[in-house]
1. Over the chain, with every protein chain in place, what whole percent of the accessible area is carbon and sulfur at 1.4 Å, could you tell me?
2. log₁₀ I(q)/I(0) of the stretch 134-224 at q = 0.14, 0.15, 0.20 Å⁻¹, via Debye over equal Cα point scatterers, no solvent, to two decimals?
3. Can you give the three extents of the C-alpha atoms in the chain along their principal axes, from longest to shortest, in whole Å?
4. Under 5 Å between amide H atoms, partner at least 5 residues away or on a different chain: which partners does Val82 have, H built in plane at 1.01 Å?
5. Angle, helix 14-26 long axis vs. longest principal axis of the chain, Cα atoms, 0 to 90°, nearest 10?
6. Modelled label-to-label distance, Ala42 and Arg193, 7 Å Cα→beta-carbon offset: nm?
7. Check which residues have an amide H placed less than 5 Å from Leu155's amide H, if you skip close sequence neighbours.
8. To test your reading of the geometry: what angle, between 0 and 90 degrees and rounded to tens, separates the Cα axis of helix 109-124 from the longest principal axis of the chain?
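The values are calculated or read from the model by the stated rules, or taken from the named source; none is laboratory data. None of the values given here were measured: they were computed from a predicted structure. Every residue, glycine as well, gets a Cβ built from its backbone with ideal geometry; the counts of neighbours run over all protein chains shown. When the accessible area is computed, the model is the full protein with side chains, heavy atoms only, and any ligands, DNA or RNA have been set aside. Shrake-Rupley method; radii C 1.70, N 1.55, O 1.52, S 1.80 Å.
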Amino acid sequence: MESKGLIVIVEDERAIADLQRLYLGEAGFGVHVESDGIAGLASIRRLHPVAVVLDVGLPSLDGIEICRRMRAADDWTPVIFVTARDDEVDRILGLELGADDYLTKPFSPRELVVRIRTILRRHAGTPFAAPVAAGAVTLDAARRRVEASGHPVELTSTEFDLLAKLMSSPGQVFTREQLLSSVWGHADYGLGRTVDVHIAQLRAKLGADSPIRTSRGVGYSVAE
């Protein structure tokens, strides 16, 4: 079976890493596993995977710091955090650093495969035949580029797809559940805060040019 791309897993619990390797391999992905944070970051930089699965608690360099260093180096490879800490602060911190998704242990390895497929499918998708604009913000889906007032804006895969969804129907208010379903591929209302964090990150990156509007108690839209 032709590989769907290489996934780098950085996980220090061997049993969990082996299970992830098994399920991702059966799904058609190549898999490279590291158990140490520094070695994991070196492999990410060397191998250029299509996605990275990061444990938060790692020897030598934790997953959050790995993600921070990736983004600081303009590496926007999709990242999924996995962690034993079911803590809202950890979750929000991870997303603010540029993670694309977040799973808490114990989780189904099938769910991990679904999340990765969803992220990669979004990343490869081209919802618009031509660039679209909302105010001073332009989104080119074919090239996966965003500009604000003519200046490029670096977005994570999830941030890009969230903005693309909003810009697909200017003026339409999307609920958090609709955005979770369309962008993340699941609609767990308890993850509504995840949408809020990504919206906040988008607004921060777009600055004064941000066309995103909040409909209190309902959801989000972009100005017509």
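1. Answer for the chain is 50 percent, counting heavy atoms of protein chains only.
2. Per q value, in the given order, log10 I(q)/I(0) is -0.44, -0.50, -0.91.
3. 51, 33, 33
4. Close amide H contacts, sequence-distant or interchain: Leu54, Asp55, Val56, Leu103.
5. 60 degrees
6. The answer from the label model is 3.7 nm.
7. So Leu155 has HN proximity to no qualifying residue.
8. Its long axis makes an angle of about 40 degrees.
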